[in-house]
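The values are calculated or read from the model by the stated rules, or taken from the named source; none is laboratory data. This is a predicted model, so every value here is computed, not measured. Cβ: placed from backbone, ideal geometry, glycine included. Neighbour counts: every protein chain shown.
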Amino acid sequence: MSSARWRFTLLAAVALGAACSNDPTSGAPRAGTLTLRLSTPRSDDGALLFEVSGPPIDTAVVVNGSLQLFTRRADGSTVVGAVVGGLTNGALVTLRVPDVGAAGGYTARVLEVADRQNVLRTSLAGYALTVTP
Amino acid sequence: MKPIGSSLSLLVLLALAGATPARGQQPAAGSWGEELRRLRGGKSGLVRLRAAPRFAAIVAEREPNNTVATANGVVLGDQATGVVNPPGDVDTWFVDLTAGQFFSVDVDAFEAGSPLDATLELIAPDGRTSLAFNDDFDDFDSRISYRIPTSGRYYVVLRGFGATGGPGLTYAINFGKVACDAVGTELEPNGAPGSATPLVIGGSGTGAICASDGDPAGDVDYWAFTARAGTTIELDVDAAALGLLVDPFVALYASDGITRLAFNDDNNGDGADSRLQFSITTTGTYFAAVSSLADPGGNPFPYTLHLRSIAGGPGDPITVHAANVGRPLGLAVGSTGDLFAGDLTGNRIVRITRQGGMTTFASGIQSPEGLAFDAFGQLLVVSGDGVVYRVSPQGQTTRFITDAGIPIWVAVAPDGRIWLSDLSDRSLRRYSATGRFEARFDAIDIGGFGPGPLAIGPSGEPHFSNGNEIWKLVNGQPRRVLGAPFVIWGFAFDVAGNIYAPSPVAGRILLFDAVGTTLADPFAVGPDAPQAVAFGRDGTGATEARLFATEMRIGQVIEVNPAGVAQRGLPMGFVPPAFTRDIAVKGLLGGGGLSAADLQLLDAIGNHNGRYDVGDLRAYLITLGGAPSAAAPAQRRAASQP
């Protein structure tokens with residue numbers, strides 16, 4: 001690419017970006033955070049293994065400092081994680097994503113739950129994870 | 001929950017196994033009369049150890065006298081005569097006695113040529129309460145010596161053993177007070193160190209244990225001798241060995257006459273007799289004391305005390321690592337090298353530094369028995385109240401395992417699993433590292449006592465004592481490892497698989513190889529009554545070639561001579577996996593990196609459900625000290641970049 005064409009392309013991109021940022025109603029991606037929320041029927045959960053699929057996720061951080069989170073990107077669209085600690089209903093993990101508008105595209109699933117004696121739950125009935133803005 | 005009493009009584013039974021002489025009808029060897037005759041041949045003039053045979057009156061029985069209501073009366077100093085006829089006949093006598101009198105009631109029948117094998121029973125003034133019973137004391141003849149607690153009318157009941165009877169089964173009963181005279185070479189009064197009778201190493205002394213009215217606290221005979229440092233001495237009392245159904249004990253006191261260095265009662269290869277060995281570390285005068293468990297209420301009896309010099313073991317001489325520990329039983333060693341000992345009567349766990357400093361680590365644990373560190377660095381303590389407690393590194397105590405009947409000992413395997421010995425149904429019980437019951441293994445069929453103390457062997461298999469033997473579980477089946485002449489308590493392995501086995505009743509530590517061959521007996525005779533041994537650890541947690549033992553009777557934790565400990569100790573308890581935390585996490589999240597053995601280990605650390613899951617990860621993180629839990633939430637905040 002010649003120098004002239006490169007400068008033109010850059011200017012065009014800046015102009016387009018400026019136009020987009022001034023228009024909140026447009027469908028352009030907007031980076032931000034989403035919340036992974038847990039719904040549990042129990043009060044003595046000690047660890048949870050989960051999976052989140054969908055659009056890209058940049059980082060994941062627990063919302064409560066008393067919890068520990070470990071994650072691994074299984075493939076381009078799936079993240080597997082484990083949270084250890086005293087789990088309760090409500091916000092569990094904060095997900096930093098490139099497009100908060102795509103929240104509806106995420107699917108979260110509880111894979112395993114253990115109690116605070118480290119015993120694995122035999123049933124996951126009543127457990128649910130949701131990704132919300 | 002079972003009562004503490006049952007647990008402790010079983011402990012005592014285990015410790016004193018064989019302490020009670022059998023009530024056989026045939027004296028084992030010799031006899032009272034023979035012993036007296038033998039002693040009469042000594043240098044001193046000897047007198048019979050019984051009430052003087054001069055009677056105020058000779059009173060013949062008047063039937064019927066089968067009950068306290070129809071008892072015939074005598075007074076102190078009388079001799080009663082009668083015949084046990086017909087079979088099943090019971091002759092009852094009453095005598096009025098005064099509190100404090102040391103009453104003697106002595107049958108002469110067999111020795112006088114009667115075929116009667118009599119039994120005697122002393123009944124309280126209420127006419128019902130049995131205060132004392134004796135079958136054979138002097139050959140087949142019976143005798144009771146009893147200090148009268150309250151003034152009143154007491155009853156003496158004579159029967160033929162086995163409800164025998166017949167016109168020829170005559171007897172005489174001498175009612176009197178116990179009289180003691182000089183016997184053997186002892187020089188009475190010798191009831192205190194200051195008046196001890198001299199004795200020399202290599203020599204013997206003879207005497208009698210005989211409490212009387214003038215000796216209400218009972219008779220104790222002190223013997224004084226001089227011993228040089230480096231000498232290992234043996235004090236050996238023979239009394240029961242002479243055919244007498246008596247139970248002497250022997251104690252060794254330091255030069256101050258107050259500090260008790262060693263004690264033995266029974267089960268040192270001498271039946272009801274006693275024998276102890278001790279390594280002398282300071283040249284000086286020492287005192288041996290002989291008395292009777294039955295004193296001050298038992299029958300008088302003669303004895304011989306032998307004082308010998310014997311070869312010590314490779315673990316001698318011992319040194320005192322910590323004193324004033326109460327009555328220490330269980331022993332565990334922490335990851336920084338501190339010793340943790342359970343104080344049975346102080347209901348506490350003490351922490352003893354490598355330098356010997358002692359502090360109370362946890363209190364309020366009733367009669368702590370076995371101790372072991374779990375996979376999470378917390379101390380498990382088996383309590384006499386039937387609960388296994390878990391004590392945090394900060395000394396906070398929580399109930400942990402509550403479903404065992406009478407747990408007595410605990411050990412933690414390399415995979416973190418917890419093993420308990422349970423006396424209630426004579427079994428071994430296995431729990432997950434988190435305290436979930438997994439399996440029970442019957443130990444009834446192997447006989448003996450217990451299962452008692454247990455330890456994990458080099459192969460990870462639990463080994464346990466059933467009294468005089470050590471067994472191990474192989475694929476759930478018990479296999480005998482070794483037999484010892486004495487009851488074995490809390491033993492330990494070195495890295496070569498050799499077993500250091502303390503025997504409280506024998507007063508020494510024995511050493512066996514991995515297949516049960518005796519390598520050293522004694523390994524150390526310096527300990528008085530070692531209860532449990534454990535190898536020391538250095539500041540990094542690595543085991544050392546240093547062996548410590550609890551000394552319950554004298555309240556000490558001692559160390560054997562480290563020059564005699566050839567190998568370092570087998571690492572005890574949970575062995576952390578070789579992989580890192582990140583690998584463990586990655587393995588759970590699907591990233592691989594764990595071998596089948598790793599997965600099995602992680603599962604064993606956790607919930608042992610057959611696969612590695614998030615519960616296992618949580619348990620593993622706790623072993624690393626970094627997992628948040630309800631009890632102790634971690635402060636670390638984790639961020640993760642997938």
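Conditions (1) surrounded by fewer than 22 Cβ atoms within 10 Å (Cβ to Cβ); (2) out of contact with any helix residue (DSSP H, G or I) (no Cβ under 7 Å at 6 or more places or on another chain), marked per residue:
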residue	(1), (2)
B:Pro458	yes, yes
B:His463	no, yes
B:Val474	yes, yes
B:Gln477	yes, yes
B:Ala492	no, yes
B:Pro504	no, no
B:Thr517	yes, yes
B:Ala529	no, yes
B:Glu544	yes, yes
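Results for (1) part of a loop (DSSP other than H, G, I, E, B); (2) without any contact (Cβ under 8 Å) to a residue 40 or more places away in the chain, shown as yes or no for each residue.
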position: B:Ala375; (1), (2): yes, no
position: B:Val410; (1), (2): no, no
position: B:Gly450; (1), (2): yes, no
position: B:Arg479; (1), (2): no, yes
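Filtering the range A:117-133 to residues that are at pLDDT 95 or above, among the aliphatic types (A, V, I, L, M) and more than 26 Å from A:Leu34 (Cβ to Cβ) leaves only A:Leu120. Are any residues in the range B:300-314 closer than 17 Å to B:Trp223 by Cβ and surrounded by fewer than 20 Cβ atoms within 10 Å (Cβ to Cβ), and if so, which ones? The answer is B:His306, B:Arg308, B:Ser309. Count of the range B:175-199 residues, restricted to those that are closer than 21 Å to B:Leu120 by Cβ and either surrounded by 20 or more Cβ atoms within 10 Å (Cβ to Cβ) or free of Cβ contacts under 8 Å to residues at least 12 places away in the same chain (or both), is 4.
Has the range B:468-478 got any residue that is within 14 Å of another protein chain (Cβ to nearest Cβ) and among the β-branched types (Val, Ile, Thr)?
Looking for residues that are within 14 Å of another protein chain (Cβ to nearest Cβ) and among the β-branched types (Val, Ile, Thr), one finds none in the range B:468-478, hence no.
Among the residues of the range A:93-133, not one is over 30 Å from B:Leu624 (Cβ atoms), within 14 Å of chain B (Cβ to nearest Cβ) and of a type in the set (Asp, Glu). May I ask you to list the residues in the range B:310-342 that are outside any loop (DSSP other than H, G, I, E, B) and either among the basic types (Lys, Arg) or at pLDDT below 90 (or both)? Selection gives B:Ile310, B:Thr319, B:Val320. Within the range B:119-168, the set of residues being surrounded by 16 or more Cβ atoms within 10 Å (Cβ to Cβ) and aromatic (Phe, Trp, Tyr) comprises B:Phe137, B:Phe140, B:Tyr146, B:Tyr154, B:Tyr155, B:Phe161.
Only one entry of A:Ala128, A:Ala103 meets the criterion of being in contact (Cβ under 8 Å) with a residue 40 or more places away in the chain, farther than 30 Å from B:Arg436 by Cβ and touching a strand residue (DSSP E or B) at 6+ places or on another chain (Cβ under 9 Å), and that entry is A:Ala103. Taking the range B:412-438 as the range and being part of a strand (DSSP E or B), closer than 20 Å to B:Phe376 by Cβ and more than 14 Å from every other protein chain (Cβ to nearest Cβ) as the test, the residues that pass are B:Val412, B:Trp419, B:Leu420, B:Arg429, B:Arg430.
With modelled with pLDDT under 95 and not acidic (Asp, Glu) as the only criterion, which of A:Ala108, A:Ala18, A:Ala114 stands out?
Working: A:Ala108 fails: modelled with pLDDT under 95; A:Ala114 fails: modelled with pLDDT under 95.
Sole residue among the options that is modelled with pLDDT under 95 and not acidic (Asp, Glu): A:Ala18.
Can you pull out every residue in the range B:585-610 that is at the interface with chain A (Cβ under 9 Å from one of its Cβ atoms), under 14 Å from A:Leu120 (Cβ atoms) and part of a loop (DSSP other than H, G, I, E, B)? Lay out the reasoning, then the answer.
Restricting attention to the range B:585-610, the residues satisfying the condition of being at the interface with chain A (Cβ under 9 Å from one of its Cβ atoms) are B:585-586, B:588-591, B:605-607, B:609.
Next, from what is left, pick out any that are under 14 Å from A:Leu120 (Cβ atoms): B:588, B:605-607, B:609.
B:Gly606, B:Asn607, B:Asn609, listed by residue number.
Only residues that are in contact (Cβ under 8 Å) with a residue 60 or more places away in the chain and β-branched (Val, Ile, Thr) were counted in the range B:508-539, giving 3. When the range B:617-633 is limited to residues that are touching a strand residue (DSSP E or B) at 6+ places or on another chain (Cβ under 8 Å) and facing chain A (nearest Cβ under 7 Å), the one that is modelled with the lowest pLDDT turns out to be B:Pro633.
Remark: pairs (first residue in the range B:104-133, in contact (Cβ under 8 Å) with a residue 12 or more places away in the chain; second residue assigned to a loop (DSSP other than H, G, I, E, B) and β-branched (Val, Ile, Thr); Cβ separation under 6 Å; 6+ apart in sequence or on different chains) = B:Ser104/B:Val178; B:Leu116/B:Val84.
For the range B:546-569: of the residues being of a type outside the set (A, V, I, L, M, F, W, C) and more than 19 Å from the chain's Cα centre (by Cα), which is surrounded by the most Cβ atoms within 10 Å (Cβ to Cβ)?
Of the residues in the range B:546-569, the ones of a type outside the set (A, V, I, L, M, F, W, C) are B:546, B:550-551, B:553, B:555-556, B:559, B:561-562, B:564, B:567-569.
Okay, now just the ones that are also more than 19 Å from the chain's Cα centre (by Cα), so B:546, B:559, B:561-562, B:564, B:567-569.
Values: B:Arg546: 21, B:Glu559: 21, B:Asn561: 20, B:Pro562: 13, B:Gly564: 18, B:Gln567: 14, B:Arg568: 19, B:Gly569: 24.
Checking each candidate, the answer is B:Gly569.
Scanning the range B:92-114 for residues that are touching a Lys or Arg at 6+ places or on another chain (Cβ under 8 Å) and charged (D, E, K, R) returns B:Asp96, B:Asp106.
Is it the case that B:Asp415 is out of contact with any strand residue (DSSP E or B) (no Cβ under 9 Å at 6 or more places or on another chain), over 20 Å from B:Leu331 (Cβ atoms), at pLDDT below 95 and surrounded by fewer than 21 Cβ atoms within 10 Å (Cβ to Cβ)? Walk me through how you get there before you give the answer.
On the way: out of contact with any strand residue (DSSP E or B) (no Cβ under 9 Å at 6 or more places or on another chain): yes; over 20 Å from B:Leu331 (Cβ atoms): yes; at pLDDT below 95: yes; surrounded by fewer than 21 Cβ atoms within 10 Å (Cβ to Cβ): yes.
Considered against the rule, which asks whether it is out of contact with any strand residue (DSSP E or B) (no Cβ under 9 Å at 6 or more places or on another chain), over 20 Å from B:Leu331 (Cβ atoms), at pLDDT below 95 and surrounded by fewer than 21 Cβ atoms within 10 Å (Cβ to Cβ), B:Asp415 comes out as yes.
Restricting attention to the range B:565-584, and to residues there that are of a type in the set (Gly, Ala, Ser) and more than 14 Å from every other protein chain (Cβ to nearest Cβ), which single residue is farthest from B:Ala413 (Cα to Cα)? First the steps, then the outcome.
Within the range B:565-584, the subset of a type in the set (Gly, Ala, Ser) is B:566, B:569, B:573, B:578, B:584.
Among the residues that remain, those that are also more than 14 Å from every other protein chain (Cβ to nearest Cβ) are: B:566, B:569, B:573, B:578.
Values: B:Ala566: 24, B:Gly569: 15, B:Gly573: 5, B:Ala578: 16 Å.
Looking at residues that are of a type in the set (Gly, Ala, Ser) and more than 14 Å from every other protein chain (Cβ to nearest Cβ), I get B:Ala566.
Which count do you get for residues in the range A:28-61 that are of a type outside the set (A, V, I, L, M, F, W, C), at the interface with chain B (Cβ under 9 Å from one of its Cβ atoms) and within 10 Å of A:Val97 (Cα to Cα)?
The first filter runs over the range A:28-61 and keeps only residues of a type outside the set (A, V, I, L, M, F, W, C), leaving A:29-30, A:32-33, A:35, A:37, A:39-46, A:51, A:53-56, A:58-59.
Right, trim to at the interface with chain B (Cβ under 9 Å from one of its Cβ atoms) and you get A:44, A:46, A:58-59.
Then drop every residue that is not within 10 Å of A:Val97 (Cα to Cα), which leaves A:58-59.
The qualifying residues number 2.
For B:Thr359, the conditions (1) out of contact with any Pro (no Cβ under 6 Å at 6 or more places or on another chain); (2) surrounded by 23 or more Cβ atoms within 10 Å (Cβ to Cβ) are fulfilled apart from (2).
Residues that are in contact with a helix residue (DSSP H, G or I) (Cβ under 8 Å, 6 or more places away or on another chain) and at pLDDT 95 or above within the range B:546-582 comprise B:Arg546, B:Leu547, listed in sequence order.
Among the residues of the range A:62-92, those identified as farther than 20 Å from B:Gly590 by Cα and either at the interface with another protein chain (Cβ under 7 Å from one of its Cβ atoms) or surrounded by 23 or more Cβ atoms within 10 Å (Cβ to Cβ) (or both) are A:Val62, A:Gly65, A:Ser66, A:Leu67, A:Gly85, A:Gly86, A:Leu87, A:Leu92.
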